[in-house]
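The values are calculated or read from the model by the stated rules, or taken from the named source; none is laboratory data. All values reported here derive from a predicted model rather than from experimental measurement. Here the Cβ positions follow ideal geometry from the backbone for every residue, glycine too, while neighbour counts run over all protein chains shown. All accessible areas refer to the heavy atoms of the entire protein, side chains included, with ligands and DNA or RNA removed. Shrake-Rupley method; radii C 1.70, N 1.55, O 1.52, S 1.80 Å.
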Amino acid sequence: IITNHSSMDLTIGTMLLVLAIILITAIVIKIANARVTFDPVCTRPPPPVVNSIALLKLLPTLCTKGPEITMTYLYNKFGSVFTVSILWKRISFLVGPEVSGPFFQGSESEVSQGNFNEFTVPMFGQENGFAVDCSTRMDEIRFYIDALKPSQLRSHVDPMLREVEDYFGKWGDVGVVDLKYEFNHILMLIASRCLLGKEVREKIFGEFYTLFTEIEEGVNLVSFMLPYIPIPVNRRRDRARIKLTEIVTEILRSRKICNRIEEDVLQKLMDSRYKDGRCTTEAAVAGMIIALIFAGKHTSAVVSTWTGACLLTHEKFLDAAFNEQKEIMRTYGDKIDYNVLLEMETLHSCIKEAGRMNPISFGLVRQAQKNIIVRTKEGVEYDIPKGDTLVNLVMLTHKLPHIYKDPKVYDPDRFRSGRDEDKVGGKFSYGTFGGGRHVCAGEAYAFMQIKIIWSHLLRNFELKLTSPFPKTDWSKYALEPKGKVMVSYKRYRVPGI
């Protein structure tokens, strides 16, 4: 599936082809740690297999059209479960909620996260996350859930509002900005205030922001495959993590010495206890808070940017979101609290739909520790053998027409009461924030801060997208809009309120 190209395009295509081959080879080397064993008594067939030769024939499509079109082709040909066979390794792909139950709900002894997240260890340290055993990691998830539950989130609304009002208050009356840059910056300010606390926000934000940026730059395909290779970006990442750990450790010790208790997530992690009664260590708390900021800030920045790009190219829904703000202001004036945010259902749907169309991850990865039985919507059962790598193709699930009407159309109303397409489609129809045992603990926090940002922008600015609608940047490990997303603004105040 190749169209005519100029000589330069051919050169780029050739380079991409070589890179794709290198990438696939690297993936094979990284995940090939077990041979497949078939159960001789199992009567169910394994999924249909795409062999290496067929896969090589698809490389030009992968290079020129991208992963989504390539995997859509395989889905249309083989169905919702299929296996790609690369040399001695099998990767089984899952599309749709009907076959996703075991993937999301299986125990660690059935479906594990394996060593696919090993690249996060040098980012966040040796005493948390994927550097520790599964039981300890589950405790950490519990810490996050407790720190970000609704009763805790309520206390973060006012600090978030102050940060947003102060930040956008520094914009001029008119101007042009890059939404990606603006959202990255404001969300780091919010994170420093609500997650880390006033020590960082008021004293060393600039240093922290610079160091954290160096951590983020360590998320790339090379570092994913070879997280410890001593290239410059990894060296900067390692130095930044050490310095950030020192900063957080100093804050922890200062609070303990002064017997000072703060209302932030860092304090909650400090006070947490493992199931065996152990206290969290300084290094573990530092790693957990860095990991939480990374996950929350980056995901929210990407979803916020896509929300802007979608709203500013769909006048109907931009007007609907704006009118909702007017109605809320008629009722509550300028007051915004946790309950008011919950009433912003139109804005919530606009954000959710942007996330559906542009998820931050193309697919989620697990390892089958046992034979896994899946059943398609047609009623066909397959037995995925132990040892297979499992990839749940979230992006394709979000585009299934039997779940989402006109799935390529931006239509936030699909999530409103009466349609609820994701709920009607079944569990795991919407996967922007994961699902099941490993669902994102910060989903409510993310929606809250995105709604605070966009409610302020809708109330105070006329916005126009001045750059083309962004494409997806497939070169990033965590998908995001490609290039700058330029928007012109004019300061404005909702009249008559």
Item to complete: For S455, indicate whether it is open to solvent by less than 10 Å² (accessible area, probe 1.4 Å), at pLDDT 90 or above, more than 30 Å from H402 (Cα to Cα) and not in a loop (DSSP other than H, G, I, E, B).
Response: yes
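Got a number for residues in region 153-173 being in contact with a strand residue (DSSP E or B) (Cβ under 9 Å, 6 or more places away or on another chain) and either closer than 28 Å to E246 by Cα or part of a helix (DSSP H, G or I) (or both)?
1
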Response to the item:
Picking from L189, L195, the residue that is open to solvent by less than 30 Å² (accessible area, probe 1.4 Å), closer than 16 Å to L269 by Cα, of a type in the set (A, V, I, L, M) and in a helix (DSSP H, G or I) would be L195
Item to complete: Looking only at region 388-397, decide whether some residue is of a type in the set (D, E) and open to solvent by 10 Å² or more (accessible area, probe 1.4 Å).
Response: no
Practice prompt. Filter region 407-432 down to the residues that are more than 30 Å from Y492 (Cα to Cα) and of a type in the set (V, I, T), then identify the one that is surrounded by the most Cβ atoms within 10 Å (Cβ to Cβ).
Written response: T432
Discussion item. Among the residues in region 332-345, are any under 19 Å from T307 (Cα atoms), among the polar types (S, T, N, Q), open to solvent by 40 Å² or more (accessible area, probe 1.4 Å) and free of Cβ contacts under 8 Å to residues at least 40 places away in the same chain?
Written reply: no
Worksheet item: Consider V84 against the criteria (1) of a type outside the set (S, T, Y); (2) open to solvent by less than 40 Å² (accessible area, probe 1.4 Å); (3) in a helix (DSSP H, G or I): it satisfies all of them except one. Which criterion is unmet?
Response: (3)
Worksheet item: How many residues are closer than 24 Å to E217 by Cα, over 19 Å from the mean Cα position of the chain (by Cα) and not in a loop (DSSP other than H, G, I, E, B) if we restrict to region 94-152?
Response: 2
Worksheet entry | Residues located in region 181-231, provided they are modelled with pLDDT of 85 or more and touching a Pro at 6+ places or on another chain (Cβ under 8 Å) | I190, R193, C194, P227, Y228
Worksheet item: So how many residues does region 16-73 have that are acidic (D, E), assigned to a loop (DSSP other than H, G, I, E, B) and at pLDDT 75 or above?
Response: 0
Worksheet item: Given the structure, is G435 farther than 27 Å from K335 by Cβ, touching a His at 6+ places or on another chain (Cβ under 8 Å) and surrounded by 19 or more Cβ atoms within 10 Å (Cβ to Cβ)?
Response: no
